[in-house]
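Participant: A single structure is presented below for examination.
The values are calculated or read from the model by the stated rules, or taken from the named source; none is laboratory data. Since this is a predicted model, take the numbers as computed values, not measurements. Here Cβ is always computed from backbone atoms with ideal geometry, including for glycine, and neighbour counts include all displayed protein chains.
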Amino acid sequence: DTAVSQTPKYLVTQMGNDKSIKCEQNLGHDTMYWYKQDSKKFLKIMFSYNNKELIINETVPNRFSPKSPDKAHLNLHINSLELGDSAVYFCASSQAWTGEYGYTFGSGTRLTVV
Amino acid sequence: QKEVEQNSGPLSVPEGAIASLNCTYSDRGSQSFFWYRQYSGKSPELIMFIYSNGDKEDGRFTAQLNKASQYVSLLIRDSQPSDSATYLCAVNIRDNYGQNFVFGPGTRLSVLP
């Protein structure tokens with residue numbers, strides 16, 4: 001029974017397209033996150049939602065728009081994809097918005113923009 | 001100044017040896033420190049967290065925290081080839097959102113049979 005699941009696992013698309021990545025957690029956690037891991041493996045936060053409310057919105061292009069229909073789901077929509085968006089995107093959740101008990105990560109979505 | 005720093009490695013140790021991974025951080029007010037392990041092509045998984053100065057042991061893993069010197073380390077005793085992975089240090093920092101967790105760049109560990 002997967003705790004944090006995200007789909008799709010792989011996404012190959014052309015520049016200029018719009019795509020979405022979905023994330024769901026069944027842990028009952030209040031907080032969910034989107035992280036981007038680039039080719040150098042550096043893991044950087046993009047967004048954080050606590051109980052459907054946006055908490056963290058780091059400096060990412062406004063082509064990226066998160067949506068949280070309920071506290072178990074956090075989706076990421078990306079408009080007008082660019083080559084530089086190619087990365088692995090991880091969804092994560094934590095018990096508290098402070099993250100003090102650590103995160104549980106999804107398996108990642110490898111996005112390749114061609 | 002980078003907020004969380006780690007040697008990128010690779011750190012190579014022979015099987016059965018102790019692997020020592022280090023992490024330094026810039027925010028003196030940081031209170032929570034985590035170590036994650038990430039196998040190639042997989043997601044990070046939490047292996048340990050530490051909040052207080054000193055040592056915390058869990059099986060073959062020991063986390064060590066020294067807030068005065070602003071470093072946290074992870075020791076892996078009796079290293080196994082299956083421990084070969086990238087180890088990420090994560091530290092809470094105070095920012096515009098109250099607090100946030102920042103990950104270091106990770107240290108790649110290679111345990112040689």
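Participant: Could you say which residue among B:Gly29, B:Gly16 is in contact (Cβ under 8 Å) with a residue 24 or more places away in the chain, in contact with a Ser or Thr (Cβ under 9 Å, 6 or more places away or on another chain) and loosely packed, with under 12 Cβ neighbours inside 10 Å?
Facilitator: B:Gly16
Participant: Same structure, new question: Restricted to the range B:70-113, and to residues that are closer than 18 Å to A:Thr31 by Cα and of a type in the set (Val, Ile, Thr), which residue is surrounded by the most Cβ atoms within 10 Å (Cβ to Cβ)?
Facilitator: B:Val91
Participant: Name the residues in the range A:56-86 that are among the β-branched types (Val, Ile, Thr) and assigned to a strand (DSSP E or B), would you?
Facilitator: Residues satisfying the conditions are A:Ile56, A:Ile78.
Participant: For the range A:74-96, indicate whether the set of residues that are surrounded by fewer than 20 Cβ atoms within 10 Å (Cβ to Cβ), within 14 Å of chain B (Cβ to nearest Cβ) and either aromatic (Phe, Trp, Tyr) or closer than 14 Å to A:Asp30 by Cβ (or both) is non-empty.
Facilitator: yes
Participant: Further question on the same structure: Is at least one residue of the range A:63-76 among the hydroxyl-bearing types (Ser, Thr, Tyr) and at positive phi?
Facilitator: no
Participant: Could you list all residues from the range B:1-14 that are over 14 Å from B:Asn100 (Cα atoms), in a loop (DSSP other than H, G, I, E, B) and touching a strand residue (DSSP E or B) at 6+ places or on another chain (Cβ under 6 Å)?
Facilitator: Listed by number, the residues that qualify are B:Gln6, B:Asn7, B:Gly9, B:Pro10.
Participant: Being modelled with pLDDT of 95 or more, in contact with an Asp or Glu (Cβ under 7 Å, 6 or more places away or on another chain) and crowded, with 19+ Cβ neighbours inside 10 Å is the filter here, so list the residues in the range B:32-62 that pass it.
Facilitator: Listed by number, the residues that qualify are B:Tyr36, B:Arg37.
Participant: For the range B:19-113, which fully contained strands (runs of 3 or more DSSP E) count at least 3 residues that are within 14 Å of chain A (Cβ to nearest Cβ)?
Facilitator: B:33-38, B:45-50, B:85-93, B:100-103, B:107-112
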